[in-house]
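The next block holds one structure in the form of structure tokens; read it before the comments.
The values are calculated or read from the model by the stated rules, or taken from the named source; none is laboratory data. As the structure is a prediction and not an experimental result, all values here were calculated from the model. A quick note on method: Cβ atoms are made from the backbone with ideal geometry, for glycine too, and the neighbour counts reach across all protein chains shown. Surface accessibility is based on the protein's heavy atoms, side chains included, excluding ligands, DNA and RNA. Shrake-Rupley method; radii C 1.70, N 1.55, O 1.52, S 1.80 Å.
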Amino acid sequence: MSVAKRFGPYGGRYVPETVIGALDELTEAYDRYRDDPGFRDELGALLGNYVGRPTPLYRAGRLEEAWGLDRGLWLKREDLCHTGAHKINNALGQVLLARRMGKQRIIAETGAGQHGVATATASALVGLGCRVYMGRTDMRRQRLNVIRMRMLGAEVTPVDSGSGTLKDATSEAIRDWVTNVDTTHYIIGSAVGPAPYPEIVAAFQSVIGNEARAQMLAETGGLPGTVVACVGGGSNAIGIFRAFLDDAAVALVGVEAGGEGPSGRHGASLALGRPGVLHGSYSYLLQDPDGQVAEAHSVSAGLDYPGVGPEHSHLRDTGRVSYVNATDEAALSAFLECSRREGIIPALESAHALAHVRDGAAGLAGPGPVLVCLSGRGDKDVDQAGAALGIDASA
Amino acid sequence: MPEPGALRLERAFRAAGRPLFVPYVMGGYPDLDASRRHARILARHADIIELGVPFSDPLADGPTIQAAGQQALDGGTRPWDVLRIAGDLRDGPPVVVMTYFNTVIAHGAEQFLNEAAGNGVAGIIVPDLPVDEAAEVREVAQGVGVALVALAAPTTDDARMAEIGLSAEGFVYLVAVTGVTGGQMALDDRLRALVERARRHIKVPLVVGFGVRTPEQARQIGDIADGVVIASEIIRRIGDAPDADAADAAVEAFGNAIAGALRT
Ligand SMILES: Cc1ncc(COP(=O)(O)O)c(C=O)c1O
């Protein structure tokens with residue numbers, strides 16, 4: 001077997017003994033099917049006809065102008081994926097694996113609800129029962145996605161422990177998996193968790209970077225100077241970064257949730273955390289001196305997570321990727337600017353990447369164009385962003 | 001150097017000549033003093049005490065232990081406070097600390113295990129540290145005479161059982177159900193077969209836990225295993241008690257009942 005278990009010192013399988021057998025089974029299934037023509041054809045056809053891949057690469061000319069980016073600003077439009085975010089790339093890949101493993105039931109955690117919607121969608125498509133765990137706080141702030149999941153036939157289970165956000169939903173999903181592991185496949189939604197999940201999720205998401213790299217070459221005749229993506233658990237970021245890791249001249253920048261700013265609450269695990277174990281892997285983590293996991297904070301539910309995928313921890317330590325952060329306030333204003341100048345309402349998560357491009361433009365290394373992973377669309381965020389920005393539907 | 005924890009634990013099994021009672025106390029629940037009292041009360045009935053160091057995200061635990069751990073953390077409980085409870089129990093049965101891996105490594109595994117050893121802790125159970133990730137910590141633990149007690153589950157295949165058996169010290173904690181703590185176990189053919197299968201690969205004593213609630217269940221488990229862990233049920237009884245005295249009395253009565261069931 002050659003599916004990565006560690007990235008440098010990070011990763012591993014720090015989970016109850018009960019699910020180790022299932023992780024082995026998943027590793028074997030993934031190793032067996034990833035290059036299997038039948039599997040690749042089935043996934044490839046779905047990515048094309050169902051998800052709408054390849055997603056466009058779009059030049060955001062009016063933002064370039066507003067932000068003084070003469071070198072060019074290109075958006076990889078994952079917001080145009082069916083269900084509205086990159087999460088479907090992974091959910092479909094995993095649900096096809098689950099079916100080949102003979103599992104009858106799918107579970108997932110979700111923060112912003114995009115992974116929950118993607119998993120509910122993929123489950124409906126193949127006819128498997130689906131339960132999604134979601135923190136109560138997130139159910140409130142991403143209401144639209146709760147309704148979508150239920151319409152798609154998934155059961156949405158509220159989680160009250162902790163702060164009722166993504167960390168707590170993930171813990172509860174893992175407990176369900178520990179209890180029902182014989183029948184159930186757990187579709188984890190980001191490049192986190194015990195091995196082999198970080199590798200599997202990164203591999204299914206690397207379609208983003210593979211397409212974007214070819215599209216940049218076709219459109220501009222060269223590679224981007226800088227690639228920017230938001231980092232919650234890190235799946236859209238690793239998905240776009242992987243294609244450029246060997247291109248030493250391409251600067252890679254991950255943008256974490258800066259939350260309330262330097263003196264407040266945030267979700268910047270890589271910048272301000274230290275390595276520890278949460279949800280099955282060793283990686284950078286927000287925690288107190290005794291190792292109690294801290295509550296993260298972000299205006300965006302998808303970045304409101306105290307951990308991060310192990311591959312990002314390794315890329316941080318090696319220096320190949322720089323990790324920065326953008327505050328709630330910066331993300332909200334970038335959200336509005338992108339909406340008004342490009343006619344694209346971005347997900348609040350993706351707005352963090354845009355905010356960094358705007359605010360860090362002068363410091364962006366390399367002369368070439370900037371490529372941003374626009375990981376999702378912002379329909380789900382209209383209640384929350386509207387409230388923060390003073391926009392409502394009153395007559 | 002005091003007698004290594006693994007030997008103390010193995011001696012406890014030999015000395016008893018009957019299945020061992022291993023009650024669980026969550027350090028800091030409902031508060032630190034109460035948990036110290038409950039541990040002392042249980043020490044009169046128990047053969048080994050399992051002492052929980054609370055962790056914010058306990059993946060192997062159901063709602064009862066989760067909530068108890070959270071209450072302990074909300075009350076300001078720190079790992080060192082809980083380890084000192086073990087220090088208080090030095091004249092009693094051996095203490096095995098149960099916590100999660102991040103608690104062990106937060107200040108460095110050396111510091112946690114030194115502190116544990118200094119408080120006379122015989123063993124440590126880390127449910128999110130499976131055997132293939134455990135080598136480094138086991139070495140540190142052995143260096144200070146603390147046994148790293150492994151877990152095995154119904155989903156553990158024969159090859160892993162053998163791997164667990166190879167490095168096992170003190171005893172092995174056999175998880176009775178596919179699930180988290182606080183569920184309902186049933187003594188059925190599957191559990192009997194699991195214990196038999198584990199015995200073929202694991203030579204140290206087998207203690208069964210997860211979902212044991214009543215003296216009758218404890219007695220039945222005692223017929224097939226070397227010991228019984230009871231955790232959530234004790235916490236539930238403490239939580240249901242109207243005041244601290246009633247909680248102490250409930251712990252005493254329950255400890256007495258389980259110990260009695262295992263003696264007959
Ligand atoms: C649109 C969007 N972008 C980004 C994220 C963050 O996740 P990740 O870091 O795994 O890409 C989410 C998570 O919910 C999301 O919905």
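Any chance you could run the full-extension gain for B:Q142 through B:R263? It's 0.36 nm times the residue separation minus the Cα-Cα distance, nm to one decimal.
On the way: separation 121, 0.36 × 121 = 43.56 nm, distance 3.25 nm.
So the chain would gain 40.3 nm between B:Q142 and B:R263.
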**OP:** Determine the shielding of peptide A:167-177 by partner chains: average, over its residues, the number of Cβ atoms on other chains within 10 angstrom of each Cβ.
**Re:** 3
Original post:
What are the residues whose amide H is under 5 Å from the amide H of A:V227, where those residues sit 5 or more places off or on another chain and H is modelled from the backbone?
Top reply: A:A251, A:L252, A:V253, A:L371
**OP:** Would you tell me the mean number of C-beta atoms belonging to other protein chains that fall within 10 Å of each C-beta in A:285-296, as a whole number?
**Re:** 5
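Could you pull out the trypsin sites (Lys or Arg not before Pro) across region B:131-215 that fall in loop regions by DSSP (anything but H, G, I, E, B) with no more than 12 other Cβ atoms inside 10 Å? Walk me through the intermediate numbers first.
Working: sites: B:R138, B:R160, B:R190, B:R192, B:R197, B:R199, B:R200, B:K203, B:R213; in loops: B:K203, B:R213.
The qualifying sites are B:K203.
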Original post:
How much of the DSSP beta bridge set in the protein assembly as shown is antiparallel, as a percent to the nearest 5?
Top reply: 20 percent
**OP:** May I ask for the net charge around A:L128, where only other residues with Cβ less than 10 Å from the Cβ of A:L128 are counted and Lys, Arg are +1 while Asp, Glu are -1?
**Re:** +3
Original post:
Which distance in nm do the two modelled labels at A:E28 and B:A253 give, with both placed 7 Å along the Cα-to-Cβ direction?
Top reply: 5.1 nm
**OP:** Could you state, as a whole-number percent, how many of the C-alpha pairs of region B:5-259 are farther apart than 27 Å?
**Re:** 28 percent
Subject >> Equivalent-ellipsoid semi-axes of chain A, from the Cα gyration tensor, Å, largest first >> reply: 29, 23, 22
**OP:** With springs connecting C-alpha atoms under 10 Å apart, model chain A as a Gaussian network and identify which of A:T110, A:T165, A:T184 has the largest mean-square fluctuation.
**Re:** A:T184
**OP:** Pop a pseudo-label 7 angstrom from the Cα along the beta-carbon direction at both B:R44 and A:R59 and give the gap in nm to one decimal.
**Re:** 8.4 nm
Original post:
Which of the trypsin sites (Lys or Arg not before Pro) found in region B:1-89 are in a DSSP loop and have at most 13 neighbouring Cβ atoms, other than their own, within 10 Å?
Top reply: B:R44
Original post:
Could you work out Rg/(2.2 N^0.38 Å) for the protein assembly as shown, with Rg from alpha carbons only?
Top reply: 1.00
Original post:
Which length gain, in nm to one decimal place, applies between B:A15 and B:R190 when the Cα-Cα distance is subtracted from 0.36 nm times their residue separation?
Top reply: 60.1 nm
Original post:
Averaged over peptide B:56-68, how many Cβ atoms belonging to another chain are found within 10 Å of each residue's Cβ?
Top reply: 5
Original post:
Over chain A, what is the relative contact order in whole percent, taking alpha-carbon pairs under 8 Å and six or more residues apart?
Top reply: 20 percent
Subject >> Amide H contacts of A:L278 (H built 1.01 Å from N, under 5 Å, at least 5 apart or other chain) >> reply: A:S283
Original post:
Build a GNM of chain A with springs between Cα atoms under 10 Å: which of A:M149, A:M101, A:M134 gets the top mean-square fluctuation?
Top reply: A:M101
**OP:** Grab the beta carbon distance between A:D36 and A:Q104, set R0 = 30 Å, and tell me the FRET efficiency rounded to 0.05.
**Re:** 0.85
Subject >> At R0 = 60 Å, FRET efficiency that the Cβ-Cβ distance of A:A214 and B:T214 yields, to 0.05 >> reply: 0.40
Original post:
Nearest 100 Å², what total accessible surface is buried between chain A and chain B (probe 1.4 Å)?
Top reply: 2700 Å²
Original post:
Measuring from label point to label point, each 7 Å out along Cα→Cβ, what is the B:D157 to B:A135 span in nm?
Top reply: 2.1 nm
**OP:** Give the long-range amide H neighbours of A:T327: residues separated by 5 or more places, or on another chain, with amide H under 5 Å away, using H modelled in the peptide plane at 1.01 Å from N.
**Re:** A:G258
Original post:
Is the shape of region A:11-76 best called rounded, prolate or oblate, per the rule: a/c under 1.5 gives rounded, else a/b larger than b/c gives prolate, else oblate, with a ≥ b ≥ c the square roots of the Cα gyration tensor eigenvalues?
Top reply: oblate
